[in-house]
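Peer 1: Have a look at the structure that comes next, please.
Derivation of every value follows stated rules applied to the coordinates shown; laboratory data play no part. Predicted model only: the values in this text are computed from it and were never measured. Note that each Cβ is placed from the backbone with ideal geometry, even for glycine, and that neighbours are counted across all protein chains shown.
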Amino acid sequence: MKIFHSPASPFVRKCMVAAHELGIADRIEKLPSAADPVKRDANILPKNPLGQVPTFLCDDGQVLYDSRVICEYLDATHAGALFPKSGTERWARLTELALADGMTAAALLARYETMLRPEALRWKDWTEGQLAKVRTGLEWLEMATPSFGDRGLGQRAGRAFRHRAHPGRRRHAARRR
Ligand SMILES: N[C@@H](CCC(=O)N[C@@H](CS)C(=O)NCC(=O)O)C(=O)O
């Protein structure tokens, strides 16, 4: 098994967390990649027309993307229990997964906005709208999943997301403290 990999990608990380949980991480070869929505990675494109990571190559030659499909494939083919097989529990967990993916995608879009888009073309309201999705998602998670046992989880994760989207702001926050 091989995966087009980037250590900075939260979606790749999600797949590797699933692989670690299943005890198979060391059986997945990490292929270097430089996925980028503007300068697309020519090595990934023949396997995945979206040119994104994670892109996963199965031992039988089948190619899988995106991270949800890869995680479910790893779970199904290694007798995992990461995805409930049926019933209310399955739909609840899949909906939480959709929330986490949506928050991650919003954070990534906000990050691309500051990292890739030329300053003159940036739209602050749009970036704030993406970060608002992350914020309301974290608030929902804190409310709905007290079993995480860490009431500060949302705030801390929120700060981490904000720092990624606006690297300069942390310094101002630190000065205020
Ligand atoms: N829905 C996809 C999202 C993957 C994604 O956005 N990956 C980013 C890196 S974190 C990427 O490849 N960006 C380059 C691009 O979008 O062209 C998944 O869950 O795998």
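Peer 1: Excluding same-chain residues fewer than 8 positions from Lys39, which lysines have a Cα within less than 18 Å of its Cα?
Peer 2: Lys47
Peer 1: Assign unit charges at the C-beta atoms only (+1 for Lys and Arg, -1 for Asp and Glu), then state the dipole size of the stretch 2-77 relative to its Cα centre in Debye, rounded to the nearest 20.
Peer 2: On the way: 9 positive and 10 negative charges, 60 e Å.
Roughly 280 debye for the stretch 2-77.
Peer 1: May I ask what percent, to the nearest 5, of DSSP beta bridges between residues of the stretch 2-77 are antiparallel?
Peer 2: Of all bridge pairs located within the stretch 2-77, approximately 55 percent are antiparallel.
Peer 1: Note down the net charge around Phe4, summing +1 for each Lys or Arg and -1 for each Asp or Glu among other residues with Cβ under 11 Å from its Cβ. Working shown, then result.
Peer 2: Details: positive: Lys2, Lys30, Lys47; negative: Glu29, Asp41.
With Lys, Arg at +1 and Asp, Glu at -1, the neighbours total +1.
Peer 1: Could you pull out every one of the aspartates and glutamates with an alpha carbon less than 20 Å from that of Lys124, ignoring same-chain neighbours closer than 8 positions?
Peer 2: Correct list for Lys124: Glu113.
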